[in-house]
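> Here you go, one structure.
Any read-out appearing in this document is the output of simple, stated calculations on the displayed coordinates, not a laboratory observation. A quick note: this is a predicted structure, and the numbers were derived from the prediction, not measured. Here the Cβ is made from the backbone with ideal geometry for all residues, glycine too, and neighbour counts use every protein chain on show.
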Amino acid sequence: MELNQLTYAVRGAAFRVHTALGPGLLESTYEKCLAIELKQAGLVVQEQVMLPFTYSGVTVPNAYRLDLLIEDRLIVELKLVRELRPIDTAQVLTYLRLAKIKLGLLINFNIPHLRHGIKRIIY
């Protein structure tokens, strides 16, 4: 699947989850439901992927945790905030750099209309 098609599939799944659940639940609930939607669509989904970090020659094996890694090519970070902030984007950019992945989606489920809560981030 081409990367744009992959992001389109993830966005569609996120819309279905948000329509079914609405805002206001726990992040882990949205994460599980989104993973279910994506797996039912035939995608390879990894949840809570540990990402190592190396500093000064020393590797910290579990320094970061990705919410979802889709098809080993797309990082999905979920938030439940009033609005996405620059620090949220910076977090995803760090994940992309460390994982050597080019594209991520930052999805805020805590808003009335999900179309205003999805941000595509390219590294």
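> Pairs of Cα atoms under 8 Å, at least six residues apart: use those to get the relative contact order of segment 3-122, whole percent. Before the final figure, lay out each step's value.
Working: 193 pairs, mean separation 26.7, N = 120.
Normalised by residue count, the contact order of segment 3-122 is 22 percent.
> Then there is this: Please give me, ordered by residue number, the chymotrypsin sites (Phe, Trp or Tyr not before Pro) of segment 38-95 that lie in loop per DSSP and have at most 12 other Cβ atoms within 10 Å. All intermediate terms of the calculation are to be shown ahead of the outcome.
Numbers: sites: 53, 55, 64, 95; in loops: none.
Those that pass, being in a loop and sparsely packed, number zero.
> Hey, what angle do you get for helix 27-40 against the long axis of the chain, alpha-carbon based, 0 to 90 degrees rounded to 10?
Orientation of helix 27-40: about 80 degrees from the principal axis.
> State the extension gain, in nm to one decimal, for the chain segment bounded by residue 47 and residue 97, taking 0.36 nm per residue of separation less the distance between their alpha-carbons.
Numbers: separation 50, 0.36 × 50 = 18.00 nm, distance 1.87 nm.
Length difference between fully extended and current span is 16.1 nm.
> Give the longest segment of the chain that steers clear of GluC sites (Glu not before Pro) in DSSP loops with at most 11 neighbouring Cβ atoms within 10 Å, not counting the sites themselves.
On the way: sites that count: 2, 83.
With a cap of 11 other Cβ atoms within 10 Å, the longest stretch comes to 3-82.
> Same structure, new question: Would you mind getting me the FRET efficiency between residue 56 and residue 87? Use the beta-carbon distance for r and R0 = 25 Å, nearest 0.05.
On the way: r = 24 Å, r/R0 = 0.98.
Efficiency at R0 = 25 Å is approximately 0.55.
> Here is a further query. Once you have a ≥ b ≥ c as the square roots of the Cα gyration tensor eigenvalues for the chain, tell me rounded if a/c is under 1.5, and otherwise prolate or oblate according to whether a/b is larger than b/c. Show your work: numbers first, answer last.
Values: a/c = 1.76, a/b = 1.45, b/c = 1.22.
Prolate is the answer for the chain, as a/c is 1.5 or above and a/b outweighs b/c.
> Compare 81, 44, 60 in a GNM of the chain, Cα atoms joined below 10 Å, and give the one with the largest fluctuation.
Judging by the Gaussian network model, the answer is 60.
> Restricting to DSSP H runs of at least four residues, report the calculated mean residue ellipticity at 222 nm for the chain, -39500 (n - 2.57) per run over all residues, nearest 500 deg cm²/dmol.
Values: 3 runs with 47 residues, N = 123.
One gets -12500 deg cm²/dmol as the mean residue ellipticity at 222 nm.
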